[in-house]
Amino acid sequence: MKDYLLGRALLTLPLLWVVFTAVFALVNLIPGDPVDFMIGENAALESRSQLRQQLHLDKPILLNLKPWSAQASKAGLTQRLRETLLETRYSYFFKDLARGDLRSLHSREPVFARLQGKFVFTLLLAGSALLVAMLIAIPLGTLAAWRQHSWLDSASMLGALVGISMPNFWLGPLLIMLFSIELGWLPVSGARGPSSLVLPAITLGLGMSAILTRITRASVLDVLGEDYLRTARSKGLSELKVLARHALRCAMIPIITILGLQFGALLAGSIITEEIFAWPGLGRELLQAIRSRDVPILQGCVLLISLSYLLVNTATDLLYTHLNPRLQLK
């Protein structure tokens, strides 16, 4: 177990480096100058220049080729290489990240201190949506497999098809109009209490439950004809206990895989839902960072989402061995 976790941790470092490099390059290629968003396009040129120097925005993105120009002073090769590689926005970004001093371009507030509370709200929303999906999909998919080709099977698959076809940006406003505006049961937006979580969690969870229902049905169908289930029935166990204790547990491996992947997708895919319901999570912060070209905030959001993906996938692999002791981690 320790060797496996150590190996996963070592693989995490180069993966995060690739993710950060790709995000850094793409973000810096977005049209628009962050200085224009901070002090306006009509500010004095001297003020704009000072601010760009202070934030290292006057540096090249990846490579500084000035030391090699014809007008450059005759410096040693080591000095030239150092200036070429280290006097760039890319190098300053990783220096700040290594020191834990990554700061917002606008407020100069530490990025991770600012995102800490936002991330908690996103985790709460994703976990609630995952719970909604599991409560709907696992019982429904199991019953659909048990009663294959019945009206229950057909109705559950039709419901899953409808759920997959409903995008969040349509379902969310529909739920708001029905339960908030017409009936007045739930808040329209914000995070003012547990009731504010209901509509965003249902919006995210319904789409995920549609996929999970089909996966659960297919997985349970694969094990219903196994010999150990016939043995369990011959011992006098009821059909409900056979399904819950034996069939469902052995069918959980692909279900857990989808749950792990979907939970990571919920963290990244909750952006639209958070914007619709004004939920103060990481998704809204990410959109605001894109609008204002606040590159450190954007990169901090991507870092937290990437780490969450890796941690969830590792936890999923560990859960495999608990459900099926015959599996070994390598």
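What to note about this one:
- Charge dipole (debye, nearest 20) of region 114-323; +1 at Cβ of Lys and Arg, -1 at Cβ of Asp and Glu: 280
- Segment Leu29-Asn313, extension gain: residue separation times 0.36 nm, minus the distance between their alpha carbons: 99.2 nm
- Cα-based convex hull, region 207-271, per residue volume (Å³, whole number): 71
- Mean separation of Cα contacts under 8 Å, 6 or more apart, over the residue count of region 186-330: relative contact order %: 25
- The length gained on full extension between Arg82 and Ala155, counted as 0.36 nm times the residue separation minus their Cα-Cα distance, comes to 19.7 nm.
Computed from the coordinates by the stated procedures, all read-outs in this text should not be read as laboratory data. Bear in mind the structure is a predicted one, so any value in this text is a computation, not a measurement. We place every Cβ from the backbone using ideal geometry, glycine too, and count neighbours over all the protein chains shown.
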